[in-house]
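Written out below as structure tokens is the structure these notes cover.
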2 protein chains.
Amino acid sequence: MEYAVRGKVVIEADKLARSGKSIIYTNIGNPHSVGQSPLTWPRQVLSLVDLPPSAGVDHPDVLKLYPSDAVSRARELQSMMGGSGTGAYSHSQGVLGIRQDVADFCASRDGVPCDPDLIFLTNGASAGISHVLQTCVSGEDDGVMIPIPQYPIYSATLALLGGRQVGYALDEGNGWEANVSSMERSLQEAKDAGVNVRAFVLINPGNPTGQVLSKEAVGEVVKFCAKHGLVLLADEVYQENVYCEGKAFTSCKKAAADMGLLGEVEIASFHSTSKGIFGECGRRGGYMELTGFDKEVFGQIYKLASSGLCSGLPGQVMTSLMVKGPPSDGESFSSFEREKGEIFGSLKRRAQMVADGLNAIPGFTCNAAEGAMYVFPRVTMPPGAAAAAAAEGTNVDTMYALSLLRETGICVVPAAGFGQEEGRSGFRTTFLPPEETMEEAVRMFKTHHEGFVEKYK
Amino acid sequence: MEYAVRGKVVIEADKLARSGKSIIYTNIGNPHSVGQSPLTWPRQVLSLVDLPPSAGVDHPDVLKLYPSDAVSRARELQSMMGGSGTGAYSHSQGVLGIRQDVADFCASRDGVPCDPDLIFLTNGASAGISHVLQTCVSGEDDGVMIPIPQYPIYSATLALLGGRQVGYALDEGNGWEANVSSMERSLQEAKDAGVNVRAFVLINPGNPTGQVLSKEAVGEVVKFCAKHGLVLLADEVYQENVYCEGKAFTSCKKAAADMGLLGEVEIASFHSTSKGIFGECGRRGGYMELTGFDKEVFGQIYKLASSGLCSGLPGQVMTSLMVKGPPSDGESFSSFEREKGEIFGSLKRRAQMVADGLNAIPGFTCNAAEGAMYVFPRVTMPPGAAAAAAAEGTNVDTMYALSLLRETGICVVPAAGFGQEEGRSGFRTTFLPPEETMEEAVRMFKTHHEGFVEKYK
């Protein structure tokens, strides 16, 4: 099992950091670690919810530190927990009132009803993904279709479960679009090889690829899964991170509903407090919604959730705050919206600037980051690089990333860690560090690449 | 896979609760859900750590709501996180400064040095247990020795991994002691059956059995594991819950050190914020310490931890506060100690009262709860019960627990969910609800049992 975003290059970066080198971490979508500030109001509510009432919401001086709309929301959350508070295990699926908040959010987003009994509050998206994959894979003949390139939680979890990866290529020349004929071809090849294909992973907006799929493209995937009886894992954690004018996020559930396929296909949708504008990774909050699932499979997923007892309550609380912000007539609304707007505006500028900057480097080709937090440039390697990497017992991508790290302090993830077509090279970088840092990083990408090309020409 | 503490009886209890019946939940060690108050000072520190500094530690009115020793500790924790705060993923093993707090605690408890690089901060104890078992079990011939009775996380995780349970009996007639000759016998039988036994689970203080092992008894287990090359999973989450005069908790690491076996046996020790006096289950905090591990296995465990990115930061913070309380010269020290003393004193009285009360019921035999949060009485069933249960398609323990639930509202876990010797019957109950509730529960256990005996005589 490999997990590239925490792999060899990162371990080397940590070592260099301990020896005093200044590192720009662009290896992982971890916004607060590279300078993004947390939103104030959700933290105020969370902070109050954790205080025993006499030391918090009922304290005579509470309004000296907390705004009144944080106090009222904290009371509401404490009341949902029925006196148990954030120190007790909740229901295995999470606090019912918070699941209702999530259901209201999904229903309003999609215009389709949503049942809180089908929501699981999870430790980030990872825990839910792992539970669903466990029910799909019971032996080495079971396969799951994953995009190429993909996010390594899928390959790593499949490796742990002993199942098969069935890759379907995203079309880099066509904005990383998923293409039904290539999906059909991959599926047929896998079937011919004796693989029992059980599930399909769609990451939209894409990671590491940053594309935002049109409603029609999402619909094609849903139809494909319905036709072949595949469980659809809809990784929708970047749904708030859409920067491209004229594009919008469409959930798989919404696409299914619009085609009359609701209930005809098993869809597990994942969301997280770690991404979006919140960036609350350390909270390990998130949810999954199960639509159209067989009752027995649902029962298995419930048991898996039960065996971890429940997700962390602070993450559950943050999930509630993500899907339901301060009231529009409260004292925090305008500052909350201002903070969100500043973060989003800056992410959008960085998405554009980094893609443009990389495209301006001879030898780099980089699709636009329509969404998510990453770009995934293709880098033309000089002719001597492959042999040099082989001599070092590594691949070109890793050698390149290590060279970049040692020379510039920028820590990216080799593209090989996500999968890519034969002969392609490159890396994934976030655009999360502050704007001036990312501008400097783009200059360093260029300088390093020129030196690398000269060295291995 | 079954997970009895969240199984059939609990689901039925939840259903009855929704229809208005009053339920006494004694099925799970979830103290805050049944009236135990959280300790105030740790919550105050946690609450402050989550606030952005300008709204928290640096706010001019902070001392109106928070004691100064909570403010100083929150500053210390924020500084350990290096500006990233609780919203960022930490190192895969957890925040280094918090691992140092844990290492200091272990070193002081055991009188043996402890390296923070061998500590993993985990989501409760469950996540660490799962990671270690994953490295021990790679196929259906790999086995793990678990006590009979055991806590279901072990049987459930082994079932998921497709490994074999190799039970070793605890001696009920002898205070649930682990007996080396029975351990040797079980191991030999498993080897003869072709099982590759890889690991050994010791739960001390015991769950569901409540015994506290002597230093000598712990030493015997360590020697057994060293002799046979077994990884020792030391489930030590109840180490603060020792009520029996003259008994004390001994860690496996301490026992190993005293026999000169440190480094000769692989020990994974687990602890949690969920138990002890904190009872902070919802926080999902905990740690594991790996002693004497092979470097390659350590690397595998590191990868598994990385694939979940990190444990929740609020749980990491609570772990720090569990192992390092307020300073003894600060304003919160005496109230913190008083709150802890009240909770501990009450747990100790309940442990005694419940065991005595159950023993006074004809047909019940119950070992003392020397530690932990449970008793595991043996119940002599009336002659007609087995046939009635079989007719209902269930086992006697489950029928008994459902009957108890419907009649009295008390929700226990059938003993069968933990494993027990052939022909034995009973259940596990916590003694976590308030003292007057537990006294009433003991009376209801008696009344229900008399009715049950009459019905199935």
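For (1) open to solvent by 10 Å² or more (accessible area, probe 1.4 Å); (2) of a type in the set (Phe, Trp, Tyr); (3) touching a Cys at 6+ places or on another chain (Cβ under 6 Å); (4) in contact (Cβ under 8 Å) with a residue 24 or more places away in the chain, each residue gets a yes or a no:
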site: A:Lys227; (1), (2), (3), (4): yes, no, no, no
site: A:Leu230; (1), (2), (3), (4): no, no, no, yes
site: A:Asp258; (1), (2), (3), (4): yes, no, no, yes
site: A:Ala268; (1), (2), (3), (4): no, no, no, yes
Going by what's in this entry, would A:Met381 be described as farther than 24 Å from A:Ser33 by Cα and open to solvent by 10 Å² or more (accessible area, probe 1.4 Å)?
yes
Please determine whether any residue of region A:71-89 is of a type in the set (Gly, Ala, Ser) and in contact with a strand residue (DSSP E or B) (Cβ under 9 Å, 6 or more places away or on another chain).
no
Against the condition of a type in the set (Asp, Glu), open to solvent by 30 Å² or more (accessible area, probe 1.4 Å), out of contact with any Cys (no Cβ under 9 Å at 6 or more places or on another chain) and over 21 Å from A:Thr86 (Cβ atoms), how does B:Glu76 come out, does it pass?
yes
Can you tell me how many residues within region A:309-341 are crowded, with 22+ Cβ neighbours inside 10 Å and not hydrophobic (A, V, I, L, M, F, W, C)?
9
Determine, yes or no, whether B:Ser47 is within 20 Å of A:Gly56 (Cβ to Cβ) and either in contact with a helix residue (DSSP H, G or I) (Cβ under 6 Å, 6 or more places away or on another chain) or among the hydrophobic types (A, V, I, L, M, F, W, C) (or both).
yes
So, A:Val442, is that one under 27 Å from A:Leu16 (Cα atoms), within 21 Å of the chain's Cα centre (by Cα), among the aliphatic types (A, V, I, L, M) and surrounded by 14 or more Cβ atoms within 10 Å (Cβ to Cβ) or not?
no
Only one of these is under 22 Å from A:Tyr238 (Cα atoms) and open to solvent by 60 Å² or more (accessible area, probe 1.4 Å): A:Glu140, A:Glu216, A:Glu172, A:Glu189. Name it.
A:Glu216
From the list A:Cys310, A:Cys281, which one is closer than 30 Å to B:Tyr151 by Cα and assigned by TED's automatic domain parsing to the domain that holds A:Pro116?
A:Cys310
So in region A:96-127, with the set limited to residues that are assigned to a loop (DSSP other than H, G, I, E, B), hydrophobic (A, V, I, L, M, F, W, C) and under 23 Å from the mean Cα position of the chain (by Cα), which one is surrounded by the most Cβ atoms within 10 Å (Cβ to Cβ)?
A:Ala125
Out of the residues in region B:194-209 that are in contact with a strand residue (DSSP E or B) (Cβ under 9 Å, 6 or more places away or on another chain) and part of a loop (DSSP other than H, G, I, E, B), which is farthest from B:Gly279 (Cα to Cα)?
B:Val195
Starting from residues that are more than 8 Å from chain B (Cβ to nearest Cβ) and either more than 29 Å from A:Pro434 (Cα to Cα) or surrounded by fewer than 24 Cβ atoms within 10 Å (Cβ to Cβ) (or both), keep the ones in region A:40-56 and report whichever is modelled with the highest pLDDT.
A:Val49
So which pairs qualify, if the first residue must be in region B:155-168 and in contact (Cβ under 8 Å) with a residue 60 or more places away in the chain, the second must be assigned to a strand (DSSP E or B) and among the polar types (S, T, N, Q), the Cβ gap must be under 7 Å, and the two must be at least 6 apart or on different chains?
B:Ser155/B:Gln165
Here is a list: A:Leu170, A:Leu187. Which entry is touching a strand residue (DSSP E or B) at 6+ places or on another chain (Cβ under 7 Å), outside any strand (DSSP E or B) and over 30 Å from B:Asn123 (Cα atoms)?
A:Leu187
Would you check if A:Ala416 is among the hydrophobic types (A, V, I, L, M, F, W, C) and either open to solvent by less than 10 Å² (accessible area, probe 1.4 Å) or over 25 Å from A:Ser274 (Cβ atoms) (or both)?
no
Taking region B:57-72 and the residues there that are surrounded by fewer than 13 Cβ atoms within 10 Å (Cβ to Cβ) and either outside any loop (DSSP other than H, G, I, E, B) or on the phi > 0 side of the Ramachandran plot (or both), the one that is farthest from the other protein chains (Cβ to nearest Cβ) would be B:Ser68
Within region B:284-293, can one find any residue that is without any contact (Cβ under 8 Å) to a residue 12 or more places away in the chain and more than 19 Å from the chain's Cα centre (by Cα)?
no
Please go through region A:117-135 and pick out each residue that is within 14 Å of another protein chain (Cβ to nearest Cβ) and touching a Lys or Arg at 6+ places or on another chain (Cβ under 6 Å).
A:Asn123, A:Gly124
Subset of region B:24-39 (residues that are out of contact with any Leu (no Cβ under 6 Å at 6 or more places or on another chain) and either surrounded by fewer than 20 Cβ atoms within 10 Å (Cβ to Cβ) or of a type in the set (A, V, I, L, M) (or both))
B:Ile24, B:Tyr25, B:Ile28, B:Gly35, B:Ser37, B:Leu39
Among all residue pairs at least 6 apart or on different chains, which show Cβ distances below 8 Å where the first residue, located in region B:330-356, is of a type in the set (Lys, Arg) and the second is assigned to a helix (DSSP H, G or I) and open to solvent by less than 20 Å² (accessible area, probe 1.4 Å)?
B:Arg350/B:Met438
Segments classed as helices (runs of 4 or more DSSP H), wholly inside region A:210-326, with at least 1 members that are away from chain B (no Cβ under 14 Å) and either among the hydrophobic types (A, V, I, L, M, F, W, C) or within 30 Å of B:Ser90 (Cβ to Cβ) (or both)
A:215-228, A:252-258, A:313-323
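The values are calculated or read from the model by the stated rules, or taken from the named source; none is laboratory data. Only a predicted model underlies this, so the values are computations on that prediction, with no experimental measurement involved. Heads up, the Cβs are rebuilt from the backbone with ideal geometry, glycines too, and the neighbour counts pull from every protein chain shown. Side chains included, ligands, DNA and RNA excluded: accessible areas come from the protein's heavy atoms. Shrake-Rupley method; radii C 1.70, N 1.55, O 1.52, S 1.80 Å.
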